[in-house]
1. Could you tally the net charge around Ala72, taking each other residue with its Cβ under 13 Å from the Cβ of Ala72, Lys/Arg +1 and Asp/Glu -1?
2. Going by how many other Cβ atoms sit within 10 Å of their own, how do Ile107, Ile122 line up, fewest first?
3. Excluding His63 itself, what net charge comes from residues whose Cβ is under 10 Å from its Cβ, given Lys and Arg +1 and Asp and Glu -1?
4. Roughly what percent of Cα-Cα pairs across the stretch 17-143 reach past 26 Å?
5. Relative to the present Cα-Cα distance, how much length would full extension add between Asp34 and Glu102 at 0.36 nm per residue of separation?
6. How much FRET efficiency would the formula 1/(1 + (r/R0)^6) give for Ile122 and Glu46, where r is the Cβ-Cβ distance and R0 is 25 Å, rounded to 0.05?
7. If you take every residue apart from Arg117 with its C-beta less than 13 Å away from the C-beta of Arg117, what net charge results, scoring Lys and Arg +1 and Asp and Glu -1?
8. What order do you get for Asp114, Asp83, Asp34, Asp123 when you list them from fewest to most C-beta neighbours inside 10 Å?
Amino acid sequence: MTTEPHEMTSEAPDVREGFYGFVASTPRLTYSDDGTPRLYFKAGQEHYQYDNGTRTKLTTTFHDVVAFNGAAQWGADKLAKQDWFLAHGRTSPNVNPNTGVEEQQFIASRLGHDLARTTYDIDRSQRRSAGREAVERGQDRAGFEEPERDEPAHAAARTM
């Protein structure tokens with residue numbers, strides 16, 4: 001696990017650590033002295049062992065999850081206790097103020113519900129109306145052009 005912030009290059013996809021689990025405590029939104037939103041909740045992760053076609057449930061573990069800024073606001077608005085979620089971010093050491101013990105916390109830069117376990121409706125009405133307006137202005141995606149590349153990656157792989 002990395003504790004360093006993720007560095008992006010123009011060619012690399014944004015690939016970071018992931019966290020999958022359920023919200024085990026009521027998410028708590030607070031603000032720092034400078035007004036930065038901070039979301040905190042305990043998350044549970046179920047663990048299983050697979051042997052010879054059988055699945056045995058192991059002990060569920062619990063972890064600290066924090067998010068800041070937009071991810072914190074979204075999480076406070078959308079996540080509730082017992083929701084299953086996916087998060088994108090990084091782990092970082094943190095000293096528990098109650099025990100003085102150093103633990104790992106997950107700092108989420110993106111949060112979302114687990115689509116396989118969450119039922120909800122998606123409202124795309126604003127996106128559709130914005131798309132129609134773009135077409136009327138001549139700014140639809142039909143004018144999108146891929147950046148030029150010397151050779152596609154899949155073609156290079158075939159020639160090796």
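Read-outs throughout are calculated quantities, based only on the coordinates presented, and are distinct from any laboratory measurement. Note that the structure is a prediction, hence the values are computed from the model and not measured. Backbone-built Cβ (ideal geometry, glycine too); neighbour counts: all protein chains shown.
1. Numbers: positive: Arg28, Arg38, Lys78, Arg110; negative: Asp77.
Around Ala72, the surrounding residues sum to +3.
2. The order, fewest Cβ neighbours first, is Ile122, Ile107.
3. Numbers: positive: Lys42; negative: Asp64, Glu103.
Here the count lands on -1.
4. Values: 3134 of 8001 pairs.
Of the Cα pairs, 39 percent sit more than 26 Å apart.
5. On the way: separation 68, 0.36 × 68 = 24.48 nm, distance 2.59 nm.
Length gained between Asp34 and Glu102: 21.9 nm.
6. 0.40
7. Numbers: positive: none; negative: Glu46, Asp83, Asp114.
For residues surrounding Arg117, the net value is -3.
8. Values: Asp114 13, Asp83 19, Asp34 5, Asp123 8.
Least crowded to most crowded, the residues run Asp34, Asp123, Asp114, Asp83.
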